[in-house]
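The values are calculated or read from the model by the stated rules, or taken from the named source; none is laboratory data. Model, not experiment: these values are computed from the prediction. We place every Cβ from the backbone using ideal geometry, glycine too, and count neighbours over all the protein chains shown. Just the protein is used for accessible areas: all its heavy atoms, side chains included, with ligands, DNA and RNA removed. Shrake-Rupley method; radii C 1.70, N 1.55, O 1.52, S 1.80 Å.
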Amino acid sequence: MARFIKRGKAVIEVQQEHSKVKQVVEAMIRNIESGGDEAVRAYAERLDQWTPGSFRLSDEEIRAIIDRTPQPIKEDILFAQQQIRSFAEQQRKTLQDLEVETLPGVFLGHKNIPVSSVGCYIPGGRYPMVASAHMSVLTAKVAGVKRVIACTPPIQGKIPEATVCAMYFAGADAIYILGGVQALCAMAIGTESIPAVDMIVGPGNAYVAEAKRQLFGRVGIDLLAGPTEVLVIADETADAEMVACDLLGQAEHGPTSPAALITTSERLAGETLAEIERQLETLPTADLAGAAWRDYGSVILVKDMTEAVTEADKLAYEHVEVLTADPAYFLENMTNYGALFLGPETNVAYGDKVIGTNHTLPTMKAARYTGGLWVGKFIKTCTYQRCSPEASALIGAYAERLCAVEGFAGHRKQALIRVARYASKK
């Protein structure tokens, strides 16, 4: 049986914290619904100390930012975007329109139709999340979305210029320097200056994830992508330095980011705990990573790989690194994860920044029922049907009898009128 060597906060504590977040977001949505731009501006001033003349960047402002951004940074952004674009284009090719003749004269099909407008949230706060622009804006454009707007918060009162470059290169039709719940609400509800969109996407903190949850239905969402999660599955072949590095590398996202180790080796578990403390002494982001590990870090000892799969699927974490002798075993057997990183040669940072897969992934156990953001999330698969007169008479005869069984008189009449009209033409 699996045994916890270290356990993070209890579920009840996390739920209590979420209850507070829920109440704050509910109030913000109500205020923005009634107050529009004025409410958005008040939140931006209070939460981000940000009061520009316009939240939207003009073409001239964007061009000036592009011009003064160092060329090596722009080249790295374009390299990463080419990787994301290439994989997204290959994924798009797997989505094919369909039409089949299921009976003589009965034609059924589906079309893959891009969502008309999308709002992309690019997180900021302490870090400029440049890569999130590729993952959302660029992927939406590959899917064929006509109008894509993007919001990102200021960082310490300044525009995150590398992020703006990434948004522009990715194809954003409008760029707003606006953060947090107020940005999500502005895009979803619409204000005097920000036309509403049909869908909002992108990762963020617990408040952003809760805003998406509450706004769902009014608009579509990609998934609930809250504070990042990382799970490392390791056996005796792994080394503690790499395990600790990869756990802390994700924990640095914020003080509520869960990080877990599942291992068959009690020796590795002990060495990793010691190594984490050693690395925290010199890690520049130790204030965040250390708090996350203290409050949300877990170490689980299992007897074998089968039990490792069982425990990993229970966690259903966003990122899962496999540092074992046989990583393919987890690709073949795990079912609940956002993304897998197989073997020591790869890691979550590759997926987060550049390798080509999308980094907007399910958290909070949502991996039990959904995958991450990809071109398919921006596409509606819509069905259609058509019949020849003879086929309509045939289907109508079945339909009217089945409608009668259910007591739907109006439905039955729809069928009968066609049977009467088309059966006589045989």
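Give the residue that is nearest to ILE113 (Cα to Cα), with candidates limited to residues of the stretch 372-399 that are of a type outside the set (A, V, I, L, M, F, W, C) and more than 44 Å from the chain's Cα centre (by Cα).
PRO389
If you take the residues of the stretch 355-378 that are surrounded by 19 or more Cβ atoms within 10 Å (Cβ to Cβ) and of a type in the set (A, V, I, L, M, F, W, C), which of them is nearest to ALA206 (Cα to Cα)?
Residue satisfying both the conditions and the ranking: MET364.
Provide a single number: the residues in the stretch 198-228 that are in a helix (DSSP H, G or I) and either touching a Leu at 6+ places or on another chain (Cβ under 8 Å) or free of Cβ contacts under 8 Å to residues at least 40 places away in the same chain (or both).
Qualifying residue count, the stretch 198-228: 6.
Please count how many residues of the stretch 195-221 are open to solvent by less than 10 Å² (accessible area, probe 1.4 Å) and either under 14 Å from ALA366 (Cα atoms) or of a type in the set (D, E, K, R) (or both).
Final tally of qualifying residues: 3.
Checking the structure you have, find out if any residue of the stretch 272-289 is at pLDDT 95 or above, over 23 Å from ASP352 (Cβ atoms), open to solvent by less than 20 Å² (accessible area, probe 1.4 Å) and not small (Gly, Ala, Ser).
For the stretch 272-289, residues at pLDDT 95 or above, over 23 Å from ASP352 (Cβ atoms), open to solvent by less than 20 Å² (accessible area, probe 1.4 Å) and not small (Gly, Ala, Ser): absent.
Across the stretch 161-194, what is the total count of residues that are open to solvent by 10 Å² or more (accessible area, probe 1.4 Å) and either within 15 Å of ALA131 (Cα to Cα) or of a type in the set (Lys, Arg) (or both)?
Residues in the stretch 161-194 being open to solvent by 10 Å² or more (accessible area, probe 1.4 Å) and either within 15 Å of ALA131 (Cα to Cα) or of a type in the set (Lys, Arg) (or both): 6 in total.
Can you spot a residue in the stretch 59-68 that is over 19 Å from PRO154 (Cα atoms), out of contact with any Leu (no Cβ under 8 Å at 6 or more places or on another chain), open to solvent by less than 70 Å² (accessible area, probe 1.4 Å) and in contact (Cβ under 8 Å) with a residue 60 or more places away in the chain?
Checking the stretch 59-68: not a single residue is over 19 Å from PRO154 (Cα atoms), out of contact with any Leu (no Cβ under 8 Å at 6 or more places or on another chain), open to solvent by less than 70 Å² (accessible area, probe 1.4 Å) and in contact (Cβ under 8 Å) with a residue 60 or more places away in the chain.
Determine, yes or no, whether GLN15 is at pLDDT below 95, in a helix (DSSP H, G or I) and open to solvent by 70 Å² or more (accessible area, probe 1.4 Å).
Here the answer is yes, as GLN15 does meet what is asked.
Considering only residues that are open to solvent by less than 10 Å² (accessible area, probe 1.4 Å) and free of Cβ contacts under 8 Å to residues at least 40 places away in the same chain, look in the stretch 229-262 and name the one that is nearest to PHE4 (Cα to Cα).
Here the residue is LEU261.
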